[in-house]
Amino acid sequence: VQLQASGGGLVQAGGSLRLSCAASGSIFNLNDMGWYRQAPEKQREMVARIFGGTTNYGNSVKGRFTISRDNAKNTVHLQMNGLKPEDTAVYYCYAHQFPKEYWGQGTQVTVSS
């Protein structure tokens, strides 16, 4: 499984960005996908995951971020609204295909105050 992330960039506080992650390769039964992020000198944390029709969000992004999935295109999107400087991090696309985990290359999101 290969994951290709796109959509990061620089935005002012209060702005929006949309990240996308396209999965390719052996994607049979690839039901669990999502996004993690890692800020400098911090541990990687879960941002949002989608499993089937169920979504799960990190506490710091609830109500501001929305994860969705386009099954026809094997793509997961992360709509990020109301961005804050503390959202600045490298965002990684994630996929779980039992028993393996896969990670995308990371895309930088920078939110200026």
Quiz item: Just checking, which of 98, 65, 51 is out of contact with any strand residue (DSSP E or B) (no Cβ under 7 Å at 6 or more places or on another chain), of a type in the set (Phe, Trp, Tyr) and on the phi < 0 side of the Ramachandran plot?
Solution: 98
Quiz item: Could you say whether any residue in region 47-55 is farther than 14 Å from residue 111 by Cα, touching a residue at least 60 places away in the same chain (Cβ under 8 Å) and open to solvent by less than 50 Å² (accessible area, probe 1.4 Å)?
Solution: no
Quiz prompt | Subset of region 56-72 (residues that are part of a strand (DSSP E or B), within 15 Å of residue 46 (Cα to Cα) and either open to solvent by less than 50 Å² (accessible area, probe 1.4 Å) or touching a Cys at 6+ places or on another chain (Cβ under 6 Å) (or both)) | solution = 57, 65, 67
Quiz item: Within region 20-28, can one find any residue that is of a type in the set (Phe, Trp, Tyr) and part of a strand (DSSP E or B)?
Solution: no
Quiz item: Looking only at residues in region 1-37 that are under 22 Å from residue 63 (Cβ atoms) and touching a Phe, Trp or Tyr at 6+ places or on another chain (Cβ under 7 Å), which one is surrounded by the most Cβ atoms within 10 Å (Cβ to Cβ)?
Solution: 35
Quiz item: Where residues in region 11-21 are of a type in the set (A, V, I, L, M) and within 16 Å of the chain's Cα centre (by Cα), which of them is farthest from residue 47 (Cα to Cα)?
Solution: 17
Quiz item: For region 73-98, which residues satisfy the criterion of being surrounded by 13 or more Cβ atoms within 10 Å (Cβ to Cβ) and among the aromatic types (Phe, Trp, Tyr)?
Solution: 91, 92, 94
Quiz item: Quick check, is residue 101 surrounded by fewer than 18 Cβ atoms within 10 Å (Cβ to Cβ), of a type in the set (Asp, Glu) and either at pLDDT 95 or above or part of a loop (DSSP other than H, G, I, E, B) (or both)?
Solution: no
Quiz item: residue 96 passes all but one of (1) under 16 Å from residue 19 (Cα atoms); (2) modelled with pLDDT under 95; (3) in a strand (DSSP E or B); which number fails?
Solution: (1)
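The values are calculated or read from the model by the stated rules, or taken from the named source; none is laboratory data. The structure presented is a predicted model; accordingly, all values stated were derived computationally and were not measured. As a convention, Cβ positions derive from the backbone with ideal geometry for all residues, glycine included, and neighbour counts pool all protein chains shown. Ligands, DNA and RNA are excluded from the accessible area calculation, which covers all protein heavy atoms including side chains. Shrake-Rupley method; radii C 1.70, N 1.55, O 1.52, S 1.80 Å.
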